[in-house]
Structures are given as C-alpha cells and as structure tokens.
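A quick write-up on the structure given underneath.
The values are calculated or read from the model by the stated rules, or taken from the named source; none is laboratory data. Quick caveat: nothing in here was measured; it's all calculated off a predicted structure. All Cβ positions, glycine included, derive from the backbone under ideal geometry; neighbour counts span all protein chains shown.
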Amino acid sequence: MVDDPERAAERDGGRISAAERAASYPGGRMSFIEPNLLSALAMRPGHGYDLKRIVEEMTEGLVPVDLPGTYRLLRRLEGQGLVESAWGPGDSGPQRREYSLTSTGWALLADWRQFLSRQRYVCELTTGAIDAALSLIDDPDATDAVEAAGRLAQEVVPE
C-alpha cells in the first residue's frame, strides 16, 4: 500500500518526494497535473484560470485540467508550502488570487524533473521490450524473446 503523501511528509521531516507524490495518485493522470502546474508557475506567477490554460497548452491537451481541480490543487500546494498566493487586481472585475512558487516548490519541481526522466527511461525500455515481443510474431526463427527484447532496447536507448 502506498503511503498518503501527508503521512510520508510527517515521517520524512516534511519533505514529500516526486515519486511519493506520483504514487499517491493511482492511474497517473493527477501525477502529471502537479509537475505541469509547478512548471507553469515557474514560468510566471498566475491565477487559476491562466494556469489551467497554460498547462493544457504545454501538454497539447493531453493533460486536461478542470478549473475547480486546479484551485483545489493550488490550495493544497499552498498548504504544503510549495506555492504562495496574494490578492492582485483583476483584469476587468474583482481581485484575483495570484500564485507563485516558493523555494520549496522550486526544489520539488527539480525533483519531479529527475523522477520523470527516470520514468521516461523505464518507458523506453518497456516499449522496446514490447516491440521486441511483437516482432517475434513476424519472425518464425526467433527463439529467444528475452534476447530480442534486449537487442531492441539497446537500439532504442543506447548506453
């Protein structure tokens, strides 16, 4: 069973790693929203609607974000000391809460980068193994799927 990020933070002196954060959201979709939202905030402070739009543009719509979910996540990140907010003037109406990264948020963003780089490498190895396994269908002489997967994985991700 995966630890709740809040309990993990208490156990580890307040710091929750990107790996623990990603593991706390089964299915993975939520695990992509957080690093993208942090990236958007790293580019410039903003309010929820703008940040939602930036995340969807950065991810070419592959990480859809609902506006209420964006604000819930921003409030949670603020409660964890990863972002801070202040009231600012609205474009043509009431004031809006503008969010920005804290130094702890910047550190988590760097941790996400390291974690996601490793995940990308694992995905490349896995797709290489799948490609090798599927290539056996077309190669009646292939007798060792593990050897074929290893060869293809080396082509995909050279040492």
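Do we have any residue at all in region 96-114 that's without any contact (Cβ under 8 Å) to a residue 40 or more places away in the chain and outside any helix (DSSP H, G or I)? Scanning region 96-114 turns up at least one residue that is without any contact (Cβ under 8 Å) to a residue 40 or more places away in the chain and outside any helix (DSSP H, G or I). In region 131-138 there is no residue that is under 30 Å from A18 (Cα atoms) and either modelled with pLDDT of 95 or more or in contact with a strand residue (DSSP E or B) (Cβ under 7 Å, 6 or more places away or on another chain) (or both).
Taking region 46-91 as the range and being closer than 15 Å to E34 by Cβ, modelled with pLDDT of 95 or more and surrounded by fewer than 12 Cβ atoms within 10 Å (Cβ to Cβ) as the test, only G79 passes. The condition (being modelled with pLDDT of 85 or more, in a helix (DSSP H, G or I) and under 14 Å from W112 (Cβ atoms)) is satisfied by just one residue among A19, A40: A40. Close contacts from region 37-65, counting a first residue that is without any contact (Cβ under 8 Å) to a residue 12 or more places away in the chain and a second that is in a helix (DSSP H, G or I) and among the β-branched types (V, I, T), with Cβ to Cβ under 8 Å and a gap of 6+ residues or different chains, come to M43/I54.
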